[in-house]
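As structure tokens, the structure follows; a few thoughts come after it.
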Amino acid sequence: MNAFLYSAAIQWKLDIRSRSLLIACYIVPLLFFLLMGSIFTSVMPEMKDTLIQTMIVMGVSMGSLIGLPPSLAETYGGDVKKVYQANGVPLYAGLAAMFLSAYIHLTIMCMVILFAAPILFDAAVPADLPGFFAGLAVYLTVSCSMGSVLGIGIREQAKLTMAEQALFLPSIMLSGIMFPVSLLPDALEFVGNLFPAAWGYRLMQHGGFCLENLWYLLLVFIVAVCLCAVRMKGLRQS
């Protein structure tokens, strides 16, 4: 356990110096929050009620699907994997450390939005804070697990970038955070519900933390864990 915490602390320091993670987990989400927060609340004042959840879904999606995978791909597609094997370190230790580090970075970003939105845009603070934080924790976990699948499953950078965008863009456009899903055609609404962002957004709403909004995220997480386990087994044998 001490060895894992030590490796997680080292990974945390490395991630702080990572330009890609800094951009995906902090700079772009917070700039989007500052820009779009003012636009949303000016054009649609009712957005103040859900602005925090909207900006958090966008930020978590970007950080987990665009920020985390490249770090994992670099680690498990290069010489770092050989270093793990040569020193008898389990391959999953690196994945767990990077998962935890990304989770903490994204949590910090979410807390910045939570505290800044009411001050800057008069956004409504979630009425049910325990339910909100529980929903956030679940959504963070599921999103990072999806990013982990991408990072260790796709080695080529070009394909990884395409896969990241294929998950990120529909997660933002079809999840209901930009406009009500009722405005979408039935086919696009169905497609939007295939992405965890739509469920995470509903989960963080007032009274939204319930099994009806939770079951799909748990299913995605279980599938992601199984895919990661299968991929790790293949990496050990390669």
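Summary table below
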{"read-out": "Of the criteria (1) at pLDDT 85 or above; (2) among the aliphatic types (A, V, I, L, M); (3) surrounded by fewer than 22 Cβ atoms within 10 Å (Cβ to Cβ), which one ILE56 fails", "value": "(3)"}
{"read-out": "Options GLY200, GLY176, GLY207: the member that is assigned to a helix (DSSP H, G or I) and small (Gly, Ala, Ser)", "value": "GLY200"}
{"read-out": "Residue match in region 202-215 (condition: over 14 Å from GLY131 (Cβ atoms) and modelled with pLDDT of 90 or more)", "value": "yes"}
{"read-out": "Region 117-164, residues that are without any contact (Cβ under 8 Å) to a residue 40 or more places away in the chain and under 13 Å from the mean Cα position of the chain (by Cα)", "value": "ALA137"}
{"read-out": "Among the candidates LEU140, LEU194, residue that is outside any helix (DSSP H, G or I) and either modelled with pLDDT of 90 or more or farther than 16 Å from GLY59 by Cα (or both)", "value": "LEU194"}
{"read-out": "Contacts under 9 angstrom Cβ, first residue in region 14-37 being over 13 Å from GLY67 (Cα atoms) and among the charged types (D, E, K, R), partner surrounded by fewer than 16 Cβ atoms within 10 Å (Cβ to Cβ) and at pLDDT 90 or above, 6 or more apart", "value": "none"}
{"read-out": "Residue match in region 66-83 (condition: within 13 Å of MET232 (Cβ to Cβ), modelled with pLDDT under 70 and in a helix (DSSP H, G or I))", "value": "yes"}
{"read-out": "Filter result (surrounded by fewer than 21 Cβ atoms within 10 Å (Cβ to Cβ) and farther than 28 Å from LEU72 by Cα) within region 89-120", "value": "LEU114, PHE115, ALA116, PRO118, ILE119, LEU120"}
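The values are calculated or read from the model by the stated rules, or taken from the named source; none is laboratory data. Note that this is a predicted model, so its numbers are computed, not measured. Every residue, glycine among them, receives a Cβ derived from its backbone with ideal geometry; neighbour counts consider all protein chains shown.
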